[in-house]
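Here the structure is laid out as structure tokens; the discussion comes afterwards.
The values are calculated or read from the model by the stated rules, or taken from the named source; none is laboratory data. Note that the coordinates shown come from a computational prediction; the quantities given were computed from them, not determined experimentally. We place every Cβ from the backbone using ideal geometry, glycine too, and count neighbours over all the protein chains shown. Surface areas here come from the heavy atoms of the whole protein model, side chains and all, with no ligands, DNA or RNA. Shrake-Rupley method; radii C 1.70, N 1.55, O 1.52, S 1.80 Å.
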Amino acid sequence: MRVYVPLTLPGLAEAYKTGELGTGPLVAYAVTPALREWYLSDDIEELEYAALNRAALASLRLLAADAGAARRRVVVAVDVPDGAAVADPDRGLDPSALGEVRIAGGVALAKAAAVHVDSGDAEADVAAAAEALEAADGGDDDAQFVVDGAEDHELLWYATQEIPNLVGLGD
């Protein structure tokens, strides 16, 4: 099963150093029954893209909580065994939890299929979105417009071999 783990660049650097994406339980996003119902599509690529975007929003929340992190959203696509990622049935109808799954233990970074990161030209919009997130959550339409501006930037795809360069540890 493909899951999308939201991180920040410092979180990715830590995962690179330790070889693990956290110690668990780990929050990730995947194609869940609730996401399928919400997205109204049977196309697996579209559904995975929706799960990736849900993880990107979760990464934005991590950035809002970490003022020192570079203003780039980071999502790691990881393949885990079926059944390792479980959706909380009590949160299935919660719009903020669409696609959310939990993984009981840590996940080896070696299981990553790819890393998705904002380009440098997205930093200003991502920074503004991180600042506006709390107001948007409170129902402020102007703040929501700012948050949506970050979503206008597509995350770039990187091979896992490129992680050292992404986190500043490359040659």
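Odds and ends about this structure:
- Scanning the stretch 137-171 for residues that are of a type outside the set (Val, Ile, Thr) and touching a residue at least 60 places away in the same chain (Cβ under 8 Å) returns ALA150, GLU151, LEU155, PRO164, LEU166, GLY168, LEU169.
- Flag for ALA112 being within 24 Å of LEU47 (Cβ to Cβ) and open to solvent by less than 20 Å² (accessible area, probe 1.4 Å): yes
- Test: residue in the stretch 13-28 that is under 24 Å from ALA124 (Cβ atoms), touching a residue at least 24 places away in the same chain (Cβ under 8 Å) and not charged (D, E, K, R): yes
- Selected residue (only one of GLU134, GLU123, GLU100 is touching a residue at least 24 places away in the same chain (Cβ under 8 Å), under 15 Å from LEU52 (Cα atoms) and among the acidic types (Asp, Glu)): GLU100
- Among the residues of the stretch 150-159, those identified as open to solvent by 50 Å² or more (accessible area, probe 1.4 Å) and of a type in the set (A, V, I, L, M, F, W, C) are LEU156, TRP157.
- Under the condition of being of a type in the set (Phe, Trp, Tyr) and open to solvent by less than 70 Å² (accessible area, probe 1.4 Å), the residues counted in the stretch 120-149 number 0.
- Residue in the stretch 79-91 that is touching a residue at least 24 places away in the same chain (Cβ under 8 Å), within 16 Å of ARG61 (Cβ to Cβ) and of a type in the set (Gly, Ala, Ser) present: no
- Residue check for GLU162: open to solvent by 10 Å² or more (accessible area, probe 1.4 Å) and more than 23 Å from LYS17 (Cβ to Cβ): no
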